[in-house]
Amino acid sequence: MDEPHPLLTYFLDAADGRFPPTDGRVTVLPPLPRGLECSVAFTAHAVVATALSPSDVHAAGPDGYGGSLAPDFLRHLAGSEGDIWTVDAVLVARGVAAPPRLAERLDVDDHPRVRYARTLRTGVRVHGDGRGLVTLADGLAGRRELSIELDDAYGAGTGRGRSLLRDALTLVPEGEPVFAAVSPGNARSLRAFLAAGFEPLGSEVVLRPERPA
């Protein structure tokens, strides 16, 4: 069995309230599997997983005060043609002791949310009901990740997001952390996650760099 990526320890420690030192520094880790890299910002400390050397990373001038997510630094990591995804808030909650409240969905493989999940994650499972879909998967550094997509035919502002998320936590073993990456600009989604009990840990950007062969 492969050893877990060292970034996973940072996420699990943060979920337990143990954060990196608030020293403004940047920790450099090896790249992620599947050609992915990332820059993660905690409070006053950043963690970058990349194939670049630590000296190359530090020469670009990132810091733990937000500089690790600056556009110029992210382009340095990705190269001129690499892919850079959006800046997301990293949130965490824990599975609850209750029978699973959402059925597995085997009829939505072509749904955009499911296709997107499979570009970045492995072991994607899909559950849901008339409110929308939930994906559970092995995500960044092997952490358990959750995302949702509401069926907008039912309208907004009815509490469906938070109720779907609370039911989704019954799919996770009791007490185990489950993470979510939510765009801060998607205020409706962010409010739903917070109302359902998710707590913020930091922010992150995932990249698929262009590297010389």
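How large is the dipole of the stretch 135-191 about the Cα centre if only Lys and Arg carry +1 and Asp and Glu carry -1, each at its Cβ, rounded to the nearest 20 debye?
Values: 7 positive and 8 negative charges, 55 e Å.
Dipole size: approximately 260 debye.
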With every protein chain kept in place and ligands, DNA and RNA left out, what is the accessible area per residue of the chain? Probe 1.4 Å, answer in Å².
49 Å²
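Counting only other residues whose beta carbon sits under 12 Å from that of Tyr65, what net charge do I get with K and R as +1, D and E as -1? Spell out each step's value before the answer.
Values: positive: Arg25; negative: Asp23, Asp63.
Neighbourhood net charge equals -1.
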Check Gly95: other-chain or 5+ apart residues with amide H under 5 Å from its amide H, H built from backbone geometry?
Gly175, Glu176, Val178
Cβ-based charge dipole, the chain, positive-most Cα from Ala93, Gly24, His76:
Ala93
Using Cα springs under 10 Å in a Gaussian network model of the chain, which residue among Leu77, Leu194, Leu133 shows the largest mean-square fluctuation?
Leu194
Between the stretch 91-147 and the stretch 184-212, how many Å separate their Cα centres?
15 Å
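Please give the net charge around Asp151, taking every other residue with its beta carbon less than 10 angstrom from that of Asp151, where Lys and Arg add +1 and Asp and Glu add -1. Write out the running numbers ahead of the final one.
Details: positive: Arg131, Arg160; negative: Asp129, Glu149, Asp152.
Its environment carries a net charge of -1.
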Let me know the shape class of the stretch 103-192, please: from the alpha-carbon gyration tensor, a ≥ b ≥ c as square roots of the eigenvalues, rounded when a/c is under 1.5, otherwise prolate if a/b is greater than b/c, or oblate.
rounded
Excluding ligands and nucleic acids, what accessible area in Å² is computed for Thr122 using a 1.4 Å probe, to the nearest 10?
60 Å²
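Tally Lys/Arg at +1 and Asp/Glu at -1 over every other residue whose Cβ is under 14 Å from the Cβ of Leu164; what's the total? Display every interim value, and only then the final one.
Values: positive: Arg101, Arg105, Arg113, Arg131, Arg160, Arg162, Arg166, Arg188, Arg191; negative: Asp129, Glu149, Asp151, Asp152, Asp167.
For residues surrounding Leu164, the net value is +4.
Using a 1.4 Å probe over the heavy atoms of the protein chains, calculate the carbon and sulfur portion of the accessible area of the stretch 153-212 as a whole percent. Numbers along the way, then the final one.
On the way: 1420 of 2780 Å².
After summing per-atom areas, the C and S share lands at 51 percent.
Explain nothing, just the number: relative contact order of the chain, from Cα pairs under 8 Å at least 6 residues apart, as a whole percent.
28 percent
Using heavy-atom solvent-accessible surface (probe 1.4 Å) with all chains present, what is the largest-first order of Tyr116, Tyr10? Before the final figure, lay out the partial values.
Numbers: Tyr116 85, Tyr10 60 Å².
So the residues, ranked largest to smallest area, are Tyr116, Tyr10.
Evaluate the charge dipole of the stretch 94-192 about its Cα centre and quote only its size in Debye, nearest 20, assuming +1 on the Cβ of each Lys and Arg and -1 on the Cβ of each Asp and Glu. Write down the numbers at each step before the final one.
Values: 16 positive and 13 negative charges, 70 e Å.
With only Lys, Arg, Asp and Glu charged at Cβ, the dipole is about 340 debye.
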Solvent-accessible area of Val96, probe 1.4 Å, all protein chains present, reported in Å² to the nearest ten, please.
60 Å²
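About the Cα centre of the chain, how large is the charge dipole given +1 on each Lys and Arg Cβ and -1 on each Asp and Glu Cβ? Please answer in debye to the nearest 20. Don't jump to the answer; show the numbers that get you there.
Details: 22 positive and 28 negative charges, 98 e Å.
The calculated dipole for the chain is roughly 460 debye.
The values are calculated or read from the model by the stated rules, or taken from the named source; none is laboratory data. Treat the numbers as computed from the prediction; the structure is a model and nothing was measured. Neighbour counts run over all protein chains shown; Cβ positions are idealised from the backbone, glycine included. Accessible surface is based on the protein model in full, side chains and every heavy atom, while ligands, DNA and RNA are left aside. Shrake-Rupley method; radii C 1.70, N 1.55, O 1.52, S 1.80 Å.
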